[in-house]
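The next block holds one structure in the form of structure tokens; read it before the comments.
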Amino acid sequence: MANVARLALGICAVVGLAGCAGDPAGSLTGNTGIAADDFPPIGPTSSFVGELVEADNGCLMLRTGSGVDSWLVWPEGSTRDEKDPTTVHLGGGREVRPGDALEVTGQAIGFGDLPDGDNQDSMWGAAARYCVPADAPEPKIIRAGSITQA
């Protein structure tokens, strides 16, 4: 039985899917799949202002003044801190963490706007469904083009 548990943990570590227990950042730790690298060009953008919060499941969300929590797809080149997965490095020496007030210029998107997002077994599809309840209010997901501290 111990070998089965080790195998399962190994698969979680390699695959990095959202449903694996023990991942404090909801499958998006390290530098795997947090940013819009390799996404098609961003569409029309809006401004979203709120506080970066860590949800109970470990996902990082933007909590807007209306109380809506939206999952963030970070700007290209963003990475998670390897020692503290709640810290995101935005580039240029800038970093953000839960509690920071942010202004996000980005696009409200749905599951189908993520690469292979309609496939719940894909990396982005699984992570989005883990982080965003199906009945969550809009915008469920914000694809960030840029982020500044407010």
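Laboratory data are not the source of any read-out in this text; all were calculated from the coordinates shown. As the structure is a prediction and not an experimental result, all values here were calculated from the model. Note that each Cβ is placed from the backbone with ideal geometry, even for glycine, and that neighbours are counted across all protein chains shown.
What does the charge count around Val132 come to, taking other residues whose C-beta lies under 15 Å from its C-beta (Lys +1, Arg +1, Asp -1, Glu -1)?
Working: positive: Arg63, Arg129, Lys140, Arg143; negative: Glu54, Asp56, Asp69, Asp113, Asp118, Asp135, Glu138.
Computed value for this residue: -3.
With Cβ to Cβ distances under 12 Å as the rule, what net charge do the other residues near Ala55 carry (K, R +1; D, E -1)?
On the way: positive: Arg63; negative: Glu54, Asp56, Asp69.
Neighbour charge sum, excluding Ala55 itself: -2.
Could you give the distance between the Cα centres of the stretch 53-89 and the stretch 100-146, to the whole Å?
Going from one Cα centre to the other spans 11 Å.
Sum up the charges of everything whose Cβ sits under 11 Å from the Cβ of Thr86, counting Lys and Arg as +1 and Asp and Glu as -1, but leave Thr86 out. Write out the running numbers ahead of the final one.
Numbers: positive: Arg80, Lys83, Arg97; negative: Glu54, Asp81, Asp84, Glu95, Asp100.
Net local charge, Thr86 excluded: -2.
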